[in-house]
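Asks: Dropping a structure here in structure tokens format, bear with me for questions.
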Amino acid sequence: MGKVTGFKEHDRLSAPYRDPLERLTDFDEIYTDHDSDRLATQASRCMDCGVPFCQSPDINPLNARSGCPIHNLIPEWNDLVYTGQWEDALHRLHKTNNFPEFTGRVCPAPCEGSCVLGINSPAVTIKNIEMAIIDRGFLEGWVKPNPPSSRTQKHVAIVGSGPAGLAAAAQLNSAGHQITVYEREDRIGGLLMYGIPNMKLDKKEVVNRRVELLRQEGIEFIVNADVGDGTNGTVAVSDIASQTDALLLTTGATVPRDLKIPGRELNGVHFAMDYLTANTKSLLNSDLQDNQYINAEGKDVIVIGGGDTGTDCLGTSLRHRCNSLTNFELFPSPPSK
Ligand SMILES: Cc1cc2nc3c(=O)[nH]c(=O)nc-3n(C[C@H](O)[C@H](O)[C@H](O)COP(=O)(O)OP(=O)(O)OC[C@H]3O[C@@H](n4cnc5c(N)ncnc54)[C@H](O)[C@@H]3O)c2cc1C
Ligand code: SF4
């Protein structure tokens, strides 16, 4: 624990997002630059709890919530950031987390909901600190391709390149197996690429950077490869299975939840993923110049559902310059504070 009285001396101060009126004019990330001094102060609020509920997914008797599902060593890297040892903090972060630049941006941060300090004071800004550690790691050149020193001559095929497929690929590759990832889309990343919009997770700078690193570590990626029974242009799963020692299916969910209600069939009613995927594809292909997306400009938009997906549709509609926007949500509004 860096500073014994840090949590008594300092209030929680989250990293600000870009000004709303400015960020609505583009699809760039909403985050601002990291402020190392402020982050060190925030890290000093960590109490290095004897039982750190932040990093414990299963044993949280305080309430029904539980901490980090991948057991991030949170108090350790909080302390290292407080004492200015950023590279060591990066090593501790990578011990449990293949892709902190993704989780630092878009994880819902159950760690903060479980932080013991949160009992009588706002929680430690764990997610901000995580993102700053990995971003600095890339900036300083500390994150480098780390291919395995020897190969096992075992070949593993992975179908689907979302976070599940990528994490499996990274782990199995580091154990020395030869990995091929098959993806039916034209870009790697699953919902990291075509679900979560660019303003929350940049595709070129952040997602592609990690995919390139994995490629340099020896992982082979094959896009536009829809794995199926071998008919209708699909790649036969039987062929893949016969050429590999193991086959992983990490294909995600894909199937949307429909609302079977009168009017559902009308023009202008879309599934969120059709809207979000086409928008990101058009953004990356042509900076939205090809008109290959559903444009909400000037429209009165209704978004049904107020979770991550609904929020992403709100943010995208606003950036399209919709005329009005109404969001329906089952649950009551969250408290204002
Ligand atoms: C709009 C949206 C926003 C979200 N925002 C957040 C967020 O902010 N924070 C958060 O923690 N979670 C968020 N999520 C949830 C998160 O994205 C998912 O839980 C996560 O992506 C699931 O990972 P996955 O690898 O299992 O599947 P996916 O990411 O769905 O990846 C599966 C991949 O498999 C490919 N595939 C499927 N079938 C085949 C086939 N037959 N052949 C070849 N490839 C195939 C698909 O094309 C896809 O690329 C969001 C989800 C959505 C939809
Ligand atoms: S629960 Fe909060 S205060 Fe305790 S170790 Fe984790 S981050 Fe630090």
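Every number in this text was worked out from the coordinates using simple rules, so none of it is lab data. A quick note: this is a predicted structure, and the numbers were derived from the prediction, not measured. As a convention, Cβ positions derive from the backbone with ideal geometry for all residues, glycine included, and neighbour counts pool all protein chains shown.
Asks: Could you tell me whether the chain comes out rounded, prolate or oblate from its Cα gyration tensor? Rule is a ≥ b ≥ c as square roots of the eigenvalues, rounded for a/c under 1.5, then prolate if a/b exceeds b/c, otherwise oblate.
Replies: Judged from the Cα gyration tensor, the chain comes out oblate (a/c at least 1.5, b/c at or above a/b).
Asks: In terms of modelled amide H atoms, which long-range or inter-chain residues lie less than 5 Å from the amide H of Leu248?
Replies: Ala157, Ile158, Val159
Asks: Dipole size in debye (nearest 20) for the chain around its Cα centre, Lys and Arg Cβ +1, Asp and Glu Cβ -1?
Replies: 500
Asks: Could you compute the net charge surrounding Ala296? Neighbours are other residues with a C-beta less than 12 Å from the C-beta of Ala296; K and R count +1, D and E count -1.
Replies: +1
Asks: Need one number: % antiparallel among DSSP beta bridges in the chain, to the nearest 5.
Replies: Within the chain, antiparallel bridges account for around 5 percent of the total.
Asks: Sum up the charges of everything whose Cβ sits under 15 Å from the Cβ of Pro197, counting Lys and Arg as +1 and Asp and Glu as -1, but leave Pro197 out.
Replies: Neighbourhood net charge equals 0.
Asks: Separate question: With each run of n ≥ 4 DSSP H residues scored as -39500 (n - 2.57), what mean residue ellipticity at 222 nm is computed for the chain after dividing by its residue count and rounding to the nearest 500 deg cm²/dmol?
Replies: It lands at -10000 deg cm²/dmol.
Asks: Please work out whether segment 155-249 counts as rounded, prolate or oblate from its C-alpha gyration tensor, where a ≥ b ≥ c are the square roots of the eigenvalues and a/c under 1.5 means rounded, while otherwise a/b larger than b/c means prolate and anything else oblate?
Replies: Since a/c reaches 1.5 but b/c is at least a/b, the shape of segment 155-249 is classed as oblate.
Asks: I've got another one for you. So, counting K/R as plus one and D/E as minus one, what does the shell of residues with Cβ under 9 Å around Cys111 add up to?
Replies: The answer is -1.
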